[in-house]
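This report concerns only the one structure given below.
The values are calculated or read from the model by the stated rules, or taken from the named source; none is laboratory data. From a predicted model like this one, the values you see are computed outputs, not experimental measurements. Note that each Cβ is placed from the backbone with ideal geometry, even for glycine, and that neighbours are counted across all protein chains shown. Side chains are part of the model used for accessible areas, which takes the heavy atoms of the whole protein and leaves out ligands, DNA and RNA. Shrake-Rupley method; radii C 1.70, N 1.55, O 1.52, S 1.80 Å.
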Amino acid sequence: MTRTRCDIAVVGGGITGSAAVCALLRAGFSVRLIERGKTAPSYQPASYDPRVYAISPGSAALMQSLDLWNDVLATRAAPMQRMQVWDRAVAQALRFDAGDAAAETLGWIVEHSLLAQRLWRALPMDCVLTGTEVVSVEFADDAATLRLSSGEEIQAELVIGAEGAESSVREAAGIQTAGWSYTATAVVCHVECEVPHHGTALQRFLPSGPVALLPLADGRRSLVWSTTNTDAQALLKLDDAAFSRHLEDAMQLAAGRLSLPTRRLAFPLRLMHAERYVAPRCALVGDSAHLIHPLAGQGLNLGLADVSQLVKELSDARRGGRDWSALRILSRYERARQTENLDMLAITDALGRAFALDLPGWRRLLHLGMRAVDGMPPLKQALAGRATGAG
């Protein structure tokens with residue numbers, strides 16, 4: 001059996017996990033990344049990844065600190081300068097722009113595979129273990145011990161769970177979760193649009209769920225259509241022309257005539273929140289700690305904010321000569337991030353439920369509320385700040 005000792009073991013090599021490793025290495029920690037996938041992520045610029053993220057300025061700042069963001073921008077990223085949000089009539093949409101958030105842009109639309117590949121390319125390969133899974137984790141007073149399916153054993157001062165909603169690290173630490181399924185599905189694809197997007201994101205709240213069109217760097221728009229499981233299956237079965245007509249109707253022709261949808265993918269939606277983010281010698285980040293409804297596009301941004309906060313707390317403690325792996329240090333991270341994440345989970349869940357309610361006069365009341373927000377610049381600025389990660 002091969003035994004390795006390090007400061008920190010990160011389990012899960014997705015975007016959040018690999019960003020954590022890059023940031024921790026830059027902070028001077030010795031780190032091992034454990035990833036069950038056998039190969040590093042690849043990026044194929046000839047084909048547009050159907051999975052995209054709305055990257056906030058806060059997340060971009062983390063990528064900039066890792067010397068990766070300029071490369072991402074130069075490769076393929078679409079700045080999002082404006083948002084239009086409505087429920088009943090697009091002519092009465094609530095409009096946000098970057099100025100409302102006192103920012104240069106509300107964010108950027110970037111492909112999953114581009115971010116993942118650039119992060120992995122920045123990793124020293126001698127710190128990465130691929131094609132292996134965690135068989136067991138034992139947390140002791142002096143260290144945590146991870147046994148891998150490859151037969152290797154790693155001892156670490158701290159284990160970070162970043163492997164997603166079904167986190168084995170979270171389970172080993174005895175951390176419980178709360179949440180529920182939305183009995184809803186997100187349908188995603190890219191579409192050609194008659195009306196140029198000019199950096200504008202569109203989102204309409206339907207009783208069955210929100211539908212959004214996000215600007216892409218090649219002029220198309222990326223669709224995220226959250227709807228009931230039954231409706232989602234029906235959308236997947238439509239031919240391209242019929243699907244385009246349905247989407248035009250749903251968006252009230254805000255993007256004009258639509259055509260050439262790419263292959264449609266579907267993802268079930270759920271909400272999940274860990275009761276604790278930390279335990280002795282353990283910390284959770286990203287989807288291992290929380291899952292959120294996609295209507296605000298903030299899932300990955302919350303995970304990357306987790307990474308930034310955790311690395312800051314660990315680095316500050318070590319510079320101050322304190323035991324950076326102590327539970328009291330980890331608890332500072334938990335306090336900082338739980339409040340922010342719970343706020344966003346509550347807001348998105350409440351918005352989704354509010355627009356789904358079918359009560360006499362309720363839709364009109366919501367519509368009037370949106371119109372009121374449009375006439376209150378301070379409130380618009382606060383909401384825009386939330387959307388960009390600045391609030």
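Below, the figures for the structure above:
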| quantity | calculated |
| --- | --- |
| Pairs with Cβ under 9 Å, 6+ apart, first in the range 142-169 and closer than 13 Å to residue 33 by Cα, second aromatic (Phe, Trp, Tyr) and open to solvent by 20 Å² or more (accessible area, probe 1.4 Å) | 158/324; 159/139 |
| Tally, over the range 287-299, of residues that are modelled with pLDDT of 95 or more and open to solvent by 10 Å² or more (accessible area, probe 1.4 Å) | 1 |
| Where a residue in the range 249-276 is within 30 Å of residue 330 (Cβ to Cβ) and its partner, wherever it lies, is part of a loop (DSSP other than H, G, I, E, B) and open to solvent by 40 Å² or more (accessible area, probe 1.4 Å), with Cβ under 6 Å and at least six apart | 275/176 |
| Leading residue by the ranking (most open to solvent (accessible area, probe 1.4 Å)) among those in the range 227-237 that are more than 20 Å from the chain's Cα centre (by Cα) and not aliphatic (A, V, I, L, M) | 237 |
| Subset tally (residues that are surrounded by 17 or more Cβ atoms within 10 Å (Cβ to Cβ) and either on the phi > 0 side of the Ramachandran plot or assigned to a strand (DSSP E or B) (or both)) for the range 267-277 | 5 |
| Count of residues meeting criterion [in contact with a helix residue (DSSP H, G or I) (Cβ under 7 Å, 6 or more places away or on another chain), closer than 25 Å to residue 23 by Cα and part of a strand (DSSP E or B)] in the range 138-188 | 3 |
| Matching residues in the range 31-64 - criterion: being assigned to a loop (DSSP other than H, G, I, E, B) and either open to solvent by 60 Å² or more (accessible area, probe 1.4 Å) or within 30 Å of residue 147 (Cβ to Cβ) (or both) | 36, 37, 38, 39, 40, 41, 42, 44, 45, 46, 47, 51 |
| Residue list for the range 312-337, restricted to those being open to solvent by less than 20 Å² (accessible area, probe 1.4 Å), in contact with a Leu (Cβ under 8 Å, 6 or more places away or on another chain) and over 12 Å from residue 277 (Cβ atoms) | 314, 325, 329 |
| Residue check for residue 28: outside any strand (DSSP E or B) and at negative phi | no |
| Where residue 21 falls short, out of the listed (1) in a helix (DSSP H, G or I); (2) in contact with a His (Cβ under 8 Å, 6 or more places away or on another chain) | (2) |
| Residue that is nearest to residue 53 (Cα to Cα), among those in the range 278-306 that are in a helix (DSSP H, G or I) and in contact with a Ser or Thr (Cβ under 6 Å, 6 or more places away or on another chain) | 301 |
| Qualifying positions in the range 92-128 - of a type outside the set (D, E, K, R), assigned to a strand (DSSP E or B) and surrounded by fewer than 22 Cβ atoms within 10 Å (Cβ to Cβ) | 94, 128 |
| Answer residue from the range 303-342, given it is among the β-branched types (Val, Ile, Thr) and modelled with pLDDT of 95 or more and is farthest from residue 31 (Cα to Cα) among those | 329 |
| Residue count for the range 76-91, restricted to those that are open to solvent by 50 Å² or more (accessible area, probe 1.4 Å) and either touching a Leu at 6+ places or on another chain (Cβ under 6 Å) or touching a residue at least 12 places away in the same chain (Cβ under 8 Å) (or both) | 4 |
| Exclusive hit being at pLDDT 95 or above, under 30 Å from residue 265 (Cα atoms) and not polar (S, T, N, Q), set 163, 157, 133, 138 | 163 |
| Out of 211, 195, 187, 224, sole residue that is open to solvent by 30 Å² or more (accessible area, probe 1.4 Å) and under 18 Å from the mean Cα position of the chain (by Cα) | 224 |
| Selection within the range 59-81 - within 15 Å of residue 201 (Cα to Cα) and touching a Pro at 6+ places or on another chain (Cβ under 9 Å) | 78, 79, 80, 81 |
| Any hit, the range 254-262, residues being within 26 Å of residue 145 (Cα to Cα) and either of a type in the set (Val, Ile, Thr) or assigned to a helix (DSSP H, G or I) (or both) | no |
| Test: residue in the range 278-286 that is open to solvent by 20 Å² or more (accessible area, probe 1.4 Å), within 16 Å of the chain's Cα centre (by Cα) and within 30 Å of residue 202 (Cβ to Cβ) | no |
